[in-house]
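Student: For reference, the structure I am asking about is given below.
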Amino acid sequence: MNRVARTSLVAVVMLCGASLAAQKKPDFSGRWVSVGPAKGPGTEQVVTQDDKSLTTQRPDGTRKTVYQLDGVDRRMPPPSSGGMAAEITFMGSAKWDGDRLVVLTTITHGSNGKQQLRDVWSLDKQGQLVIETTEIGPDGRSETKRTIWKKK
């Protein structure tokens, strides 16, 4: 292969790599209804998203949670104030991993330890929202569940 052909090949490979790195991030905005797993379908959530944040809330506007999409860990308000002890704190962050959004939440229960949640958001081939949640308890044991949401 001559030098010009080799240089052209390198340029094409670099452009292809740059286009893969600049993958378009999915927009999760919409009103979603859970369809799976079989236990507990029908839950609804409203998601709004822009370049800097993702917001989830119930259709009636309650349980609103806002995540900044910069990966910075921030203190968050508890999901509800009813009966929660003051020593419980919530920290959350969200960042992109290719075309998936990774949301990390750490819940500190005073002296009882920490619970961590790792939610990975993606869209499947049918356009359904898939949220895979891994929960790590204070004892270090983990459990993963997958919830499928269909746009309403």
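Student: When only residues in segment 32-57 that are outside any strand (DSSP E or B) and in contact with a Ser or Thr (Cβ under 9 Å, 6 or more places away or on another chain) count, which is surrounded by the fewest Cβ atoms within 10 Å (Cβ to Cβ)? First the steps, then the outcome.
Tutor: First, the residues of segment 32-57 that are outside any strand (DSSP E or B): 37-43, 50-52.
Now restrict to residues that are in contact with a Ser or Thr (Cβ under 9 Å, 6 or more places away or on another chain): 37, 40-43, 50.
Numbers: Pro37: 11, Gly40: 9, Pro41: 14, Gly42: 7, Thr43: 12, Asp50: 10.
In this case the residue turns out to be Gly42.
Student: Further, regarding this structure: From (1) modelled with pLDDT of 85 or more; (2) in a loop (DSSP other than H, G, I, E, B); (3) within 20 Å of Thr133 (Cα to Cα); (4) over 18 Å from the mean Cα position of the chain (by Cα), pick out the condition that doesn't hold for Asp60.
Tutor: (3)
Student: In addition: Looking only at residues in segment 137-151 that are among the charged types (D, E, K, R) and loosely packed, with under 11 Cβ neighbours inside 10 Å, which one is nearest to the chain's Cα centre (by Cα)? Talk me through it step by step, then tell me what you get.
Tutor: Let us first name the residues in segment 137-151 that are among the charged types (D, E, K, R), namely 139, 141, 143, 145-146, 150-151.
Checking the rest, the ones that are also loosely packed, with under 11 Cβ neighbours inside 10 Å come to 139, 141, 143.
Values: Asp139: 24, Arg141: 21, Glu143: 17 Å.
For segment 137-151, the residue satisfying everything is Glu143.
Residue-wise test of (1) modelled with pLDDT under 65; (2) under 19 Å from the mean Cα position of the chain (by Cα); (3) under 18 Å from Ile131 (Cβ atoms).
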site: Arg6; (1), (2), (3): yes, no, no
site: Pro41; (1), (2), (3): no, no, yes
site: Gln45; (1), (2), (3): no, yes, yes
site: Ser53; (1), (2), (3): no, yes, yes
site: Lys64; (1), (2), (3): no, yes, yes
site: Asp70; (1), (2), (3): no, yes, no
site: Arg74; (1), (2), (3): no, yes, no
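Student: Still on this structure, please answer the following. Restricting attention to segment 117-136, which residues are in contact (Cβ under 8 Å) with a residue 24 or more places away in the chain and part of a loop (DSSP other than H, G, I, E, B)?
Tutor: Our first condition is that a residue be in contact (Cβ under 8 Å) with a residue 24 or more places away in the chain; within segment 117-136, this holds for 121-124, 127-129.
Scanning segment 117-136 gives Asp124, Gly127, Gln128.
The values are calculated or read from the model by the stated rules, or taken from the named source; none is laboratory data. Everything numeric in this text was worked out from a predicted model, so none of it was measured. Cβ sites come from the backbone with ideal geometry, for glycine too, and all protein chains shown count toward neighbours.
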